[in-house]
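Rule-based calculations on the coordinates, nothing more; no lab input. Every value quoted in this text rests on a predicted model; they were computed, and no experiment measured them. Cβ: placed from backbone, ideal geometry, glycine included. Neighbour counts: every protein chain shown.
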Amino acid sequence: MVTALAVMTAQAPQVSGHSTSAMCASDEITVAGKQRSENPSLWGRAMVTVLLVDDDMNLLKALEILVCGEGYEVMTASNGREALQAARRRRPDIVVSDFMMPVMDGPALIGALEAEPAFATIPVLLNSALATPPPHLRVSAFLRKPFAASRLLELLRLHSPQVTVGSSPSPVTSIRQQWKAYLTREASPEAECLTVRFAHLATGGPK
């Protein structure tokens, strides 16, 4: 069964965009810039930092919960300029970026990263529902929205510079666990909208 991260048409109040550190829904520990849990049963990755970039704030939150739930440290940004600023504060190991965004889009972000020696080798996973990256653009992988959650997690594992040996829950199981914890903490319209998005992870997307 294919599980897809779908861009839904349902509307919810938006959170103003800015780069942030992630709060893991599993145990409410801030993982970017602060000490995270040392419990090996909760974390299957070894200090791998993922920078998520998307101007859809609800989708960005869904991705944050998914990736954080797999044990990665997560930073988020709503456009390329904010992503570049976040990277300068703390170098990410992997960047997952939308293609079309205001202020600075995905290709411009990739060019800016390549221009700085400290960032030139960072793997970038680009995604878009409409645009296709030009042949000259350096991307480690391209995902067409809506993409399978399991495929994103597979690419993160593939491009992670460090991976610890150990088992981790399946993508759908992890999503359900993280989402249950998140809804326990957050009773809001944004949470209701994200519930619709996460329902599509388990059912295969909109019909």
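Listing for the model above:
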{"item": "Distance (nanometres) between label positions extended 7 Å along Cα→Cβ at Ala112 and Arg90", "result": "1.9 nm"}
{"item": "Label-point gap, in nm, between Arg144 and Ala120 - each point 7 angstrom along Cα→Cβ", "result": "3.3 nm"}
{"item": "Most positive-pole-ward Cα, Phe99, Ala83, Gly69, against dipole of the range 61-113 from beta carbon charges", "result": "Ala83"}
{"item": "Sites Met47 and Val103 - FRET efficiency at Förster radius 35 Å, r taken between beta-carbons, to 0.05", "result": "0.75"}
{"item": "Computed lengthening from Arg157 to Leu137, 0.36 nm per intervening residue step minus Cα-Cα distance", "result": "5.0 nm"}
